[in-house]
1. In debye, nearest 20, what is the charge dipole magnitude of region 155-281 about its Cα centre with +1 on Lys and Arg Cβ and -1 on Asp and Glu Cβ, if you could check?
2. Whole Å is fine, so just give me how far the alpha carbon centre of region 188-224 lies from that of region 285-328.
3. Over region 53-205, calculate the relative contact order: mean separation of alpha carbon pairs under 8 Å at least 6 apart, over the residue count, as a percent.
4. Rounding to the nearest 20 debye, state how big the charge dipole of the chain is about its Cα centre with +1 on each Lys and Arg Cβ and -1 on each Asp and Glu Cβ.
5. Please get the size of the charge dipole for region 124-173, origin at its Cα centre, with Cβ charges of +1 on Lys and Arg and -1 on Asp and Glu, quoted in debye to the nearest 20.
6. Tell me, what HN-Hα J-couplings in whole Hz come from the Karplus equation 6.51 cos²θ - 1.76 cosθ + 1.60 at θ = phi - 60° for each residue of region 254-269, using x for Gly and Pro?
7. Can you list the HN-Hα couplings for region 246-253, worked out from phi with the Karplus curve (6.51, -1.76, 1.60; θ = phi - 60°), rounded to whole Hz and with x for Gly and Pro?
8. What is the set of long-range amide H partners of GLU167 at a cut-off below 5 Å, with H atoms built 1.01 Å from backbone N?
Amino acid sequence: MKAVVKYGLDDKNVELRDVPEPTIGPTDVLLEVQAAGVCGSDVEFWRQRITYPINVPVIQGHEFCGIIRETGSEVRDYRVGDRVVSETAAVICGVCEFCRSGEYNLCPDRKGFGYGVDGAFTRYVRVPQRCLHRIPEGVPFEHAALTEPIAVGYNALCVKSAIHPGETVVVLGPGPIGLFAAQIAKIHGARVIVCGLEVDRRRLQAAERIGFDAVINSERHDPVAAVLARTNGVGAPLVVDAAGANEAFAQAMQMVRRNGQITKIAWNAAPLNMSLDPLVAKAVRLQGTYSHTWRTWENVLRLLATGQINMTEMVTHVLPLTEWERAFEAAEQREAVKAILQPV
Ligand SMILES: [Zn+2]
Ligand SMILES: [Zn+2]
């Protein structure tokens, strides 16, 4: 079968290869991939701009769904032919404090699809039963494949932050994670302000069409002034950093309300080049957020089933696997909001 394989640890060490089909263990299913999302991290792997270890060679792709074609002897509850989507934590230890308390996304031994074990930019993938969720009827594969990035937004906004209807939530960074996070805040009844840069203009246009309370090009309008102007000069109770750059974090500290919270989703390998004194002076909480767990996935799938998330503006590219490079480039150039690959 054809697969998008990262084979080395240099820039652009990724190619389409013929690889053997995987075999499954007793608690796994063999999933035939129907759709897989291209994540910002896939692009970072491709360009070798990541700081964490990757097991090469590895098949990329961790946002995926498909149809079960084979079940292991100990698999219960799932059958051949079921439409399912998979979580990303392909390997967890199962016995550490985090696994035992349901926080398995934080297991120190966690290995994810697409960098730790073979992922989904191919036809067949081996998936442990515990990763599976059923796709509700009426939700197409191209949407179900994006359950993962929506779950990142849900975890950031609804698990690691408190949103109150009517309050202002600012999302810095209109990438897919930022736009999904902003949509979750909107569903929650918040007044949502999305900020981005000139290079994000296509994504800012998508944000306009999705319909948030304000969409700000931070290179044309000072985002701090814009947020203060909309909040009686006191700032936003919740600022979500889905951008990552130091400048965005500096803005977050300036625009957050006293006693508010900054929730940080985006990574940034660069050291912080600023004082954190504003956090102290304003008594602001800084909250990191990473990944998601089972209940979040089920809730996100329910939101998809009831049509509460605008997916039309999010899925801008659906391409065959053979055109993976075009999809990666569209993501890197921020031309795509979200690109989906389909096996050939
Ligand atoms: Zn991702
Ligand atoms: Zn563990």
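1. On the way: 12 positive and 10 negative charges, 64 e Å.
Dipole magnitude for region 155-281 comes out near 300 debye.
2. Region 188-224 and region 285-328 have Cα centres separated by 19 Å.
3. Once divided by the residue count of region 53-205, the mean separation gives 21 percent.
4. 780
5. Values: 4 positive and 4 negative charges, 59 e Å.
Taking the Cα centre of region 124-173 as origin, the dipole is about 280 debye.
6. Going residue by residue, I get 6, 9, 6, 6, 4, 6, x, 9, 10, 9, 9, 9, 7, 8, 7, 6 Hz, with x marking Gly and Pro.
7. Going residue by residue, I get 4, 4, 5, 5, 4, 5, 4, 5 Hz, with x marking Gly and Pro.
8. ARG191
Where a number appears in this text, it was derived from the coordinates with a stated rule and is not lab data. Here the structure is a predicted model, which is why all the values come from computation and not from measurement. We place every Cβ from the backbone using ideal geometry, glycine too, and count neighbours over all the protein chains shown.
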